[in-house]
Structure formats: C-alpha cells, structure tokens
Amino acid sequence: MKPRPQQLRLTLVVACVLLLAGGSLGYVLHARHRDLPSRQARADGSFSFAAPGLYFRDSATGLVGRQSGAGGPRATGGPACDRFHTAGDRVLCLRKLPGIPARTQALVLDRQLREINRVTVPGIPNRARVSASGNLLSWTAFATGDSYATSAFSTRTSIMDLRTGYLIKSMEEIPLTIDGSRYHAPDVNYWGVTFARDDNRFYATVSTKGRTHLVEGDLRNWSAKALRENAECPSLSPDNTRIAFKKKVSEDPAAPWRLYVLELADMREHPLAESRSVDDQAAWLDDTTVGYALPGQGGRASDIWSVPADGTAEPRLLVPGGSSPAAVN
C-alpha cells in the first residue's frame, strides 16, 4: 500500500526537523567541548603560592604562574583562571563557565590550592582583589558588555568576608553619598574594589550619569561616599597612603586612559611615566612600584609591565605573555 501524499510530506518534515535538531545539538556539544579544556586544566601538585615572587595568569595556557624577578625563572602550574589575585593566605580565581548566558565562578583557595569556597554569579570575569590579610575578597563581572570604553555596559561587584562567610552579592545595595547627599539612580555601577589594611575601609569606582567617581567605603557602617570624579580601577598602596588609578584623558575609544597616582593626604595626583592607555586595575608590587597589563607584543594576548609610582623612569617589561600580576614578598 502506497503512502498518501500527506503522509509523505509529514515524514519529510519530521526527518528535516530531526536532522536540524541533531545538527544544532552537535554544534552545542562541540562548542561546550571546545570551552572545556582550559576550564578543566588542573594545577600541578607541586605548585603552591608559598614561595615569594610575582604571580600572574599565563596568557598561553590560562594557568597561574610564578616568576622570580624581571626575566627570571618562570613556573606555570597553578589553577586555570581568567582573572586572578592573591594576598595574605588566600587566592581568588575567576573562571568563565561554559554555556549561555555567561556565568563566572569565583573560586577561593588557600596557598596550598585547597578549596575554601566557590560562588557562581552572572556575567563575564573582569576584576579580582584580595585584602592584604586574605580575609576580604571582591570580584567584578560584566553583566552586559565587555569594555569600559563605551557606555553600553553594566557590572556586578561582590564582596565576600571569609571571617563570617557573609557575601554582598551586589555592592549597589550599599548606601551611596555624592556631593554630601544620599544618591539614588538606577544606572549606578561599582567595579574595581581595593581594600585597606583594617579590613573595613575600601575604595572602588562608581559610574552614574556618564561620570565615574572614586568612592571610599566603610563596611562596618555600611556606607560609601564619593571623593572625586574621573578615577577608575583604584589600587591602594601597601602603606595605604596612595591610590594608583586610571584616569580618562581622551575621548578616543582606542586610547582613553592614563595611569595616575593619588596622594590620599592632600588629594594631589600625578601621572606615571607610562604614556600608553592602560585598561587594567594596577597592582602595587611594593610601596614604590606599580604593575599592570597591556596588549601583548608579537601576537601575545597581554604582557605585564611595571613603572615607578613617583612618575619617574621608564616602563619595564616584566612578564611577556602575562596578566593579573600579584606580588608575594
């Protein structure tokens, strides 16, 4: 018995749908598999954060590495991270998880790479910081967009207190004061947290109405106040007297920023000798030197450079093919 024309058409439609579905599923599985190798990379059992040196994310492998001095011996065997920072006895590793929508895993480790905690948040990994004691951690993820050079982005920044286990999921909950008045706006974004030695005071960037502000926060009093405009990605010096930050000096989206240092005692600022545009949260390598990442040379994704904090001398290439510098002294 021959099938009817309607049955033939139905059979063909079902076959096409199954074929397309199979192809789509295959693409999704392939895309997820393509993302897995770097995410599944595990740290070398002999690697730890106990030794002094400059720790960083290796651009070629995505693993955390260590280097002893500029051009010194280099070891790469740490965890796989997209953004990374370490201080005290804690390590913060941000990983972009596979799949859509974008998600970030914040993994907290000790210096022997034992897991302390992990949190998954929406967005793309962007900034990571650990307080000097290792008690406080902060991370920023892009909720939408992936660049500070445009206005079409939003961020979500969290703070975790390992002493209590308390997690501030979004810093936008903290009451904010600008120009002496309590400030409310739906477009408030925080990013780039840096902590003081007292594990209470912090500094961060707030963006609203097209302007950026350097804010000083107080965790115990649950408050934050704007100190000045046009200061992004602050980094507090080890002696807690100065802040390295990026300042917008041009409307050119390809090169809008320059690194500056702010003296907190009198709020005076001076530019650093690095004249290239730096889109990074600088890291103090000691009380006199600032480290940061720039787009790499020779096809490398990024390189780590350093420059004196007093505005003198010339930038120096520290780690070819690296980012997220953190000094352990």
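The mean sequence separation of alpha-carbon pairs under 8 Å and at least six residues apart, normalised by the residue count of segment 272-329, gives a relative contact order of 34 percent. Protection proxy ranking, highest mean first, for peptides 299-307, 164-172, 123-131: 123-131, 299-307, 164-172, where packing is the per-residue count of other beta-carbon atoms within 10 Å, averaged. Excluding ligands, DNA and RNA, the accessible surface per residue across segment 82-228 is 44 Å² with a 1.4 Å probe. Using C-alpha pairs under 8 Å with a sequence gap of at least 6, the mean separation divided by the residue count of segment 54-186 gives a relative contact order of 14 percent. The value for segment 70-152 of Rg(Cα) / (2.2 N^0.38 Å) is 1.19.
Short-range pairs are left out: with C-alpha atoms under 8 Å and at least six residues apart, the relative contact order of segment 118-209 is 24 percent. Hey, any idea what % of segment 155-203's accessible area is carbon plus sulfur with a 1.4 Å probe? The computed percentage sits at 45. Taking a quarter of the surface of the Cα convex hull of segment 213-329 gives a mean projected area of 8.3 nm². Pairwise inverse Cα distances across segment 138-198, averaged and inverted, put the Kirkwood hydrodynamic radius at 13.2 Å. Taking 0.36 nm per residue of separation and subtracting the Cα-Cα distance, full extension of the segment from residue 254 to residue 115 would add 46.1 nm. Checking the table 169/209; 96/209; 225/246; 169/248 against a 25 Å threshold on Cα-Cα, which pairs fail? Too far apart for the 25 Å limit: 96/209; 169/248. Taken over segment 59-102, the percentage of Cα pairs per 5 Å bin, counting from 0 up to the bin with the maximum distance, is 5, 18, 22, 24, 17, 7, 4, 3, 0.
The values are calculated or read from the model by the stated rules, or taken from the named source; none is laboratory data. The structure presented is a predicted model; accordingly, all values stated were derived computationally and were not measured. In this analysis, Cβ positions are derived from the backbone assuming ideal geometry, glycine residues included, and neighbour counts consider all displayed protein chains. Just the protein is used for accessible areas: all its heavy atoms, side chains included, with ligands, DNA and RNA removed. Shrake-Rupley method; radii C 1.70, N 1.55, O 1.52, S 1.80 Å.
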